[in-house]
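FYI, it's all coordinate maths here, none of it is from the lab. Quick caveat, the model's predicted, so the values are computed rather than measured. For neighbour counting, all protein chains shown are included, and Cβ atoms are generated from backbone atoms with ideal geometry for every residue, glycine included.
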Amino acid sequence: MKKLFYILLFVPLLGFGQEKFTISGYVTDLETGESIIGANIYCTEISQGVTSNSYGFYSLTLPAGVYQLNYSFIGYQTLAKQLTLNIDTRLDVEFPPSSINLDEIELTGKANIVKSTQTSVIDIPISQIKSIPAFLGEVDVLKAIQLLPGVQSSEGSTGFYVRGGGPDQNLILMDGVPVYNASHIGGLFSVFNADAINNVRLTKGGFPARFGGRLSSVLQIDMKEGNMKEFKADVSLGLISSKMTIEGPIIKDKTSFIFSARRTYADLIARTFISSEETYALYFYDFNAKINHKISDSDRIFLSTYSGRDIISIEDNGVRSSKQDTGSSNNSESFGFGMGYGNLTSTVRWNHLFSDKLFSNTTLAYTRYNFNTNFEVQSTSNSDTIFNYDNNTIYTGASNHGVSYDYLSGIEDFSFGIDLDYMPTPKHDVKFGFSYTNHRFFPGSVDLMINESYPDTSLNFNIDTIMDFSGTTRVHELYYYIEDDIKFSDRLKANIGLHIGFYDVDDAESLSSKMLNKDNYNFQPRISARYLLNEDWSVKASYAEMQQNIHLLSNSSVGLPSDIWVPAIDSVPSQNSRQLAASITTQLKNGMYEVTMEGYYKTMTDLITYKAGYSNLSSTESWENAIETGGVGESYGLELFVQKKKGATTGWIGYTLSWTNRQFENINFGEWYPYKYDRRHDFSIVLSHKLSDRIDFGATWVYGTGNAINFPQAVYLGLPYQGWVGQNIDLVESYGDRNSVRMNPYHRLDFGANFHKEHKQYSRTWSIGAYNVYNRKNPFFVYLSENNSERVANQVSLFPIIPTVSYRIKF
């Protein structure tokens with residue numbers, strides 16, 4: 001490991017024999033001033049190039065001479081700059097929008113995946129996400145991610161499962177800050193408002209050293225920075241929600257802002273159909289806000305925040321009268337149930353140029369996710385009846401009875417980190433830095449209150465207790481990393497890196513003494529390599545080791561908000577994985593089509609799962625005693641991705657053939673069994689067609705093998721026992737091997753069309769479509785029931801055909 005570290009540190013310093021100079025600057029959009037991520041800067045004379053980073057910055061060091069630099073990015077006009085390089089030069093570039101015709105339209109985020117180093121990476125521009133037919137008219141980033149090869153999903157959920165991993169094994173970053181629950185309304189929608197997003201990238205393997213903390217994937221979502229040039233507004237009205245985005249300059253070309261908000265309003269409509277005694281609420285809201293300020297040519301600062309919450313509640317206040325022989329009474333009863341959950345993130349970022357070769361980003365961030373549910377029943381009896389209690393006490397008057405229950409869980413992070421990009425030559429792109437996070441877990445506490453109140457105070461009692469199942473736990477997580485994207489030759493290029501992690505749970509021993517002990521660090525090597533067979537074909541391979549120090553406890557298959565995050569401890573150690581991947585990539589017809597075929601093999605250790613029958617909402621047992629530990633897993637498969645990038649018709653075809661298995665000592669008699677997210681075949685077609693500037697439409701079709709479930713295969717007569725109405729005989733169900741039954745296959749067709757019209761002061765778009773066009777009854781879950789004295793399996797489906805319509809106006 002030490003040798004690898006020194007190689008990464010000192011190799012970039014070699015090769016400075018002749019005098020060289022650096023061209024550097026920012027790449028932005030001419031009309032909005034937004035940074036452009038991944039723009040290509042290429043020198044034709046020496047066939048060398050670089051790409052802009054996550055903030056639009058680039059740096060290219062060349063020998064003294066006369067050069068032509070070509071700046072290109074999908075959807076923009078290519079720019080050519082001639083310059084004589086004899087001093088270090090600052091060159092900021094503003095891309096004008098493309099005016100190319102339909103046959104030249106490109107919709108992908110990277111110009112040439114054949115030459116890129118990393119494996120298992122897919123960029124999806126937000127323009128393409130918005131062209132995909134949307135569920136209930138709500139454009140959703142995570143629904144688009146679910147259509148990619150190697151990514152699986154469940155009906156009615158935004159959760160996604162990458163290469164055999166669970167939903168907790170995905171690192172979801174919004175402007176670099178982790179989001180712990182990315183769903184609204186139990187998974188129907190994600191927390192990401194597409195109108196506020198600039199860029200989306202999914203990494204499924206070959207992870208660069210700068211990422212850590214999860215086993216299966218990294219989803220980066222970069223928010224817009226705000227228009228530096230002029231004020232813009234974008235308003236959308238849908239069937240169940242509306243949203244609004246406003247952006248513009250605070251100081252032109254220096255300071256910008258963006259504010260985006262949305263809310264569902266199904267609850268407002270439902271109130272007109274509900275009695276005055278009953279109140280229901282089911283809605284979510286969220287908003288994003290960001291300020292971008294250029295302090296100087298070398299310094300920029302970003303302030304951003306996100307807040308979102310789901311509210312579900314039911315209240316019933318009723319008065320009921322009764323008359324008996326002994327008198328009359330009026331009884332009032334109130335019932336209330338509420339559930340709320342949501343995320344809050346806040347970030348301060350500072351970009352600084354130490355030199356034209358060294359770029360830094362310093363981040364101070366806060367993120368919180370919490371879930372709470374409450375239940376309350378109150379009953380009051382106002383009576384003129386004379387009551388006889390236990391033949392001793394006689395009283396007249398009112399009595400009160402009440403029970404209240406509150407459950408709370410969540411996770412809270414404070415983090416600080418510095419990331420540096422060092423670009424000494426076109427053959428090296430070095431990234432290094434560190435990050436520290438202080439986690440605060442509160443996995444579950446219950447506040448229970450029971451009270452009884454009678455006129456005879458000797459009968460009254462009150463129970464008020466708080467049960468904290470695991471206490472509040474603070475955890476320190478620190479990592480360092482270094483990586484270099486090295487060009488060994490025109491054909492061979494590699495990204496080599498090392499991720500060094502430190503993890504500690506607060507206890508009596510001091511943190512400083514633990515940090516001095518090398519045994520408390522873990523080393524995770526990463527490497528991705530690319531070899532060009534020719535200009536249109538390349539082969540790639542990668543290897544990555546990952547460690548995950550937090551766990552998600554879930555006893556549902558759809559990912560409910562009540563699932564709780566817990567830290568790794570001595571008895572429940574951190575999860576680890578190793579993944580190998582190899583691919584062959586080509587582009588056809590001058591880049592019109594890109595084709596990638598990739599195979600992977602991944603192993604996982606120290607996995608956990610709930611013991612059979614456990615529920616975190618109904619048990620008071622400590623979480624670490626309610627789980628099976630020491631599980632191992634494996635996942636392997638083959639993925640095919642064919643993408644059409646140019647022309648009036650664009651889209652992709654994705655296919656995945658995969659196997660995912662688990663093994664626990666006390667489950668399935670210690671034998672391997674299919675994981676619940678194991679899916680043999682997964683197929684998707686995504687198409688968009690631009691008929692004209694006024695009309696475009698899109699369609700998606702998906703097919704997936706049915707999920708593996710644990711389901712009874714036989715029923716036997718058990719021992720007799722004495723019941724309420726006589727002697728009964730138990731029925732004993734035999735399940736066979738775990739998850740040995742498959743639900744019916746899943747398939748669905750969605751369709752959508754957009755109708756645009758430009759007006760002098762604004763543009764408007766009508767969008768219509770349908771989810772599940774041919775009304776397929778897809779399985780959500782199955783259960784057994786009695787029908788004519790026979791045991792039969794019943795399938796429950798969620799969504800029939802659902803029409804959608806929305807209206808959008810842009811100023």
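The charge dipole of segment 17-104, taken about its Cα centre with unit charges on the Cβ atoms of Lys, Arg (+1), Asp and Glu (-1) only, comes to about 320 debye.
Quick one, can you get me the convex hull of the C-alpha atoms of segment 17-104 expressed as volume per residue in Å³? Working shown, then result.
Details: hull volume 8.5 nm³, N = 88.
In segment 17-104, the Cα convex hull volume per residue is 97 Å³.
Full extension of the chain between residue 578 and residue 672 yields a length gain of 32.0 nm, computed as 0.36 nm times the residue separation minus the alpha carbon distance.
Using θ = phi - 60° in the Karplus curve 6.51 cos²θ - 1.76 cosθ + 1.60, the 3J(HN,Hα) couplings for segment 491-502 round to 9, 10, 9, 8, 10, 10, x, 9, 10, 10, x, 10 Hz; x is entered for Gly and Pro. Modelled spin-label separation between residue 597 and residue 474, with each label point placed 7 Å from Cα along the Cα-to-Cβ direction: 5.5 nm.
What is segment 17-104's relative contact order, in percent, from Cα pairs under 8 angstrom and six or more apart in sequence?
Working: 192 pairs, mean separation 31.0, N = 88.
Computed over segment 17-104, the figure is 35 percent.
Remark: the residue 809-residue 489 segment gains 110.1 nm on full extension, using 0.36 nm per residue and subtracting the alpha carbon distance. Between residue 299 and residue 250, the FRET efficiency from the beta-carbon distance, with R0 = 22 Å, is close to 0.85. Kindly state, to the nearest 0.05, the FRET efficiency for residue 232 paired with residue 72, given R0 = 35 Å and r defined as their beta-carbon distance. So the FRET efficiency works out to roughly 0.85. Relative protection proxy for 39-49, 536-546, 663-673, 700-710, from highest mean packing down: 536-546, 700-710, 39-49, 663-673 (other beta-carbon atoms within 10 angstrom).
Residue 777 to residue 735: FRET efficiency via 1/(1 + (r/R0)^6), r the Cβ-Cβ distance, R0 22 Å, to the nearest 0.05?
Numbers: r = 25 Å, r/R0 = 1.15.
Step by step, r from the Cβ atoms, then E = 0.30.
Inter-label distance, residue 762 to residue 801: 3.3 nm, where each label sits 7 Å from its Cα along the C-beta direction. Starting from the Cα of residue 744, step 7 Å toward the Cβ, then list every residue of segment 775-811 with an amide N under 19 Å from that point. Correct set: 775-787, 791-802.
Arrange the following residues from fewest to most other Cβ atoms within 10 Å of their Cβ: 696, 429, 92. Each step should come with its number before you reach the end.
Details: 696 18, 429 22, 92 13.
Fewest to most other Cβ atoms nearby, the residues stand as 92, 696, 429.
Here the label points at residue 681 and residue 517, each 7 Å from Cα along the C-beta direction, are separated by 5.4 nm in the simple model.
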